[in-house]
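Engineer: Quick one: the structure is below, questions incoming.
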Amino acid sequence: MRKGKRKRALTGMQIFTSCISTALVLILFGLVVFFVQMAHQLSNSVKEDLVVSVLLSDDAGEDAIQTYTHEMQQKRYIKKLDYISKEQALKEHIQEMGTDPEEFLGSNPFSPSLEVHLKADYANSDSLSWITKDIKAQPVVLNVVYQKDLIDSLNNNLQKVSLVLLILAALLTFVSFGLINSTVKMSLYANRFLIHTMKLVGARWSFIRRPFLSRSFWIGLTSAILANGVLLTGIHLFLHYDPVLENIITLNMVLIMGGAVLLAGILLTLTSSYLSVNKFLKMKAGELHEM
């Protein structure tokens, strides 16, 4: 009786240790998934902050400009746009520079314009070349102005940062998977003689694997729930500390992170358990003693 209680306590401690160890690794994995998504979101946000100025003809009437503005809002590459009238452009110039051009020119030198923000996928030189042609095709448009060098430099730098993050994410993910595999193997190591005994009495391999796979499933599920709880608490504190991040951290990002952690927790523990049990099943008695 006492021996049975001690064995159950030992098994319970092994399961508890496996859950905690796996949860810690899944937290690391979840952080990798979250920060890769966050970097992508920040990259898109920076690209969509870039402004393309569309200068409009002074001769175009208000009706023509309103019609063109409405047409532009329907373009697939437009994130948002703002109409700047001649009067508004003059007012902003006076506020920024402190001088009124009308005093020495005798008239308002500014043209009405549209400040266009492109969707992130189109904020690059290749896309802007055909977008510029598309915009200039309208008679109300005088010119399209954007900072090509700035856009090229920004995209090059973002590509380099993204590459570094992806390499780092791949390495950390590989380490995480290796640690989970080692944790599962260690939890099964103590049962290697039990596995061999069941094999000797004629039990089918699928029958022998079943209880270990079932335990691994629940360990993976429990670990993933624990890891997601810690990660969600961290994100909540993060947002409480800096509410501005609500514009970057979206619900979709959190759901992808949580789903990835849950899927990784279950699949990795099941896969590792399956491979480990098979490894012990293939061993002979002498090999088990030598381990």
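A short reminder: the numbers here are calculations on the coordinates, not readings from a lab. Note that the structure is a prediction, hence the values are computed from the model and not measured. Neighbour counts are summed over all protein chains in view; Cβ atoms, including those assigned to glycine, are modelled from backbone coordinates with ideal geometry.
Engineer: Would you mind checking the tilt of helix 86-97 against the longest principal axis of the Cα atoms of the chain, expressed as 0 to 90 degrees and rounded to 10?
Structural biologist: 80 degrees
Engineer: Along the Cα→Cβ direction, 7 angstrom out, place labels at Asn278 and Gln74. What is the inter-label distance in nm?
Structural biologist: 5.8 nm
Engineer: OK, next. Using Cβ contacts closer than 10 Å as the measure, can you line up Thr271, Thr250 from fewest to most?
Structural biologist: On the way: Thr271 17, Thr250 13.
Ordered by Cβ neighbours within 10 Å, fewest first: Thr250, Thr271.
Engineer: Got a sec? How would Val230, Val277 order by Cβ neighbour count within 10 Å, fewest to most? Mind dumping the intermediate values first?
Structural biologist: Working: Val230 17, Val277 23.
The order, fewest Cβ neighbours first, is Val230, Val277.
Engineer: Taking the simple approach of a point 7 Å from Cα along Cα-to-Cβ for both Glu246 and Arg210, what is their distance in nm?
Structural biologist: In this crude label model, Glu246 to Arg210 measures out at 5.2 nm.
Engineer: Using a Gaussian network model on the chain with a 10 Å cutoff between Cα atoms, which of Leu154, Leu237, Leu56 fluctuates the most?
Structural biologist: Evaluated over the chain, the most mobile residue of the options is Leu237.
Engineer: Tabulate in residue order the Karplus-calculated ³J(HN,Hα) for the stretch 180-197, using 6.51 cos²θ - 1.76 cosθ + 1.60 with θ = phi - 60°, rounded to whole Hz; enter x for Gly and Pro.
Structural biologist: Working through the residues one at a time gives 5, 4, 5, 4, 5, 4, 5, 5, 8, 4, 5, 9, 5, 6, 5, 4, 5, 5 Hz.
Engineer: Over the C-alpha atoms of the stretch 51-146, what are the Rg and the largest Cα-to-Cα span, Dmax, in Å?
Structural biologist: Radius of gyration, then largest Cα-Cα span, for the stretch 51-146: 14.4, 44 Å.
Engineer: Fewest Cβ neighbours within 10 Å first, please rank Ser272, Ser162 accordingly.
Structural biologist: Ser162, Ser272
Engineer: Report, by chain and number, residues whose modeled amide H sits under 5 Å from the one on Leu142, excluding near sequence neighbours (fewer than 5 apart, same chain).
Structural biologist: Leu55, Leu56, Ser57
Engineer: Could you work out the helix-only [θ] at 222 nm for the chain, with each DSSP H run of four or more residues adding -39,500 (n - 2.57) and the total divided by the number of residues, to the nearest 500 deg cm²/dmol? Intermediate values should be presented prior to the final figure.
Structural biologist: Values: 10 runs with 214 residues, N = 291.
It lands at -25500 deg cm²/dmol.
Engineer: Taking the chain as a Gaussian network, Cα atoms linked when under 10 Å apart, which of Ile248, Ile225, Ile65 shows the biggest mean-square fluctuation?
Structural biologist: Result: Ile65 has the largest fluctuation of those listed.
Engineer: Tabulate in residue order the Karplus-calculated ³J(HN,Hα) for the stretch 125-138, using 6.51 cos²θ - 1.76 cosθ + 1.60 with θ = phi - 60°, rounded to whole Hz; enter x for Gly and Pro.
Structural biologist: 4, 4, 5, 5, 5, 7, 5, 4, 5, 5, 6, 5, 5, 8
Engineer: May I pose another question? Kirkwood Rh, the chain, all Cα pairs: how many Å?
Structural biologist: 24.4 Å
Engineer: Once you've got the GNM for the chain with C-alpha springs shorter than 10 Å, pick whichever of Phe238, Phe35, Phe217 has the biggest mean-square fluctuation.
Structural biologist: The residue with the greatest mean-square fluctuation here is Phe238.
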